[in-house]
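Asks: Sharing a structure below in structure tokens format, with a few things to ask.
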Amino acid sequence: MTPEVRENQLTAAAYDLAERQIADGSASAQVVTHFLKLGSSRQKLENDKLKSENALLNARIESLQSNARMEELYEKAIHSMRRYSGQSVDEEEY
């Protein structure tokens, strides 16, 4: 079992326990407060903000990768044009 799978199991068990405690009235103030915060509109906005930031970071990564591919294509095009025009080029570069 991987650590991630084990963590998911323990998290699910903790949620189950908290649910039982809330249902039977034995939940501590910390447990109740934790779940109240999870359901708050502020928490939902923070989660949306995190998702948006992750999407932005992923878009930046894709843009950087695309720029690197375009740079490689430009270099190959320049190399091909030099060969076509009869200029000497170093074949080991490409």
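Asks: Residues of region 11-41 being outside any helix (DSSP H, G or I) and surrounded by 12 or more Cβ atoms within 10 Å (Cβ to Cβ), which ones? Break it down into steps so the answer makes sense when it comes.
Replies: Looking only at region 11-41, we keep the residues that are outside any helix (DSSP H, G or I), and these are 25-28, 39-40.
Answer for region 11-41, where residues must be outside any helix (DSSP H, G or I) and surrounded by 12 or more Cβ atoms within 10 Å (Cβ to Cβ): just ALA27.
Asks: Right, something else. Is there a residue being surrounded by 10 or more Cβ atoms within 10 Å (Cβ to Cβ) and within 25 Å of the chain's Cα centre (by Cα) anywhere in region 70-77?
Replies: yes
All of the numbers you see were taken from the coordinates with simple rules; none came from a lab. Since this is a predicted model, take the numbers as computed values, not measurements. Heads up, the Cβs are rebuilt from the backbone with ideal geometry, glycines too, and the neighbour counts pull from every protein chain shown.
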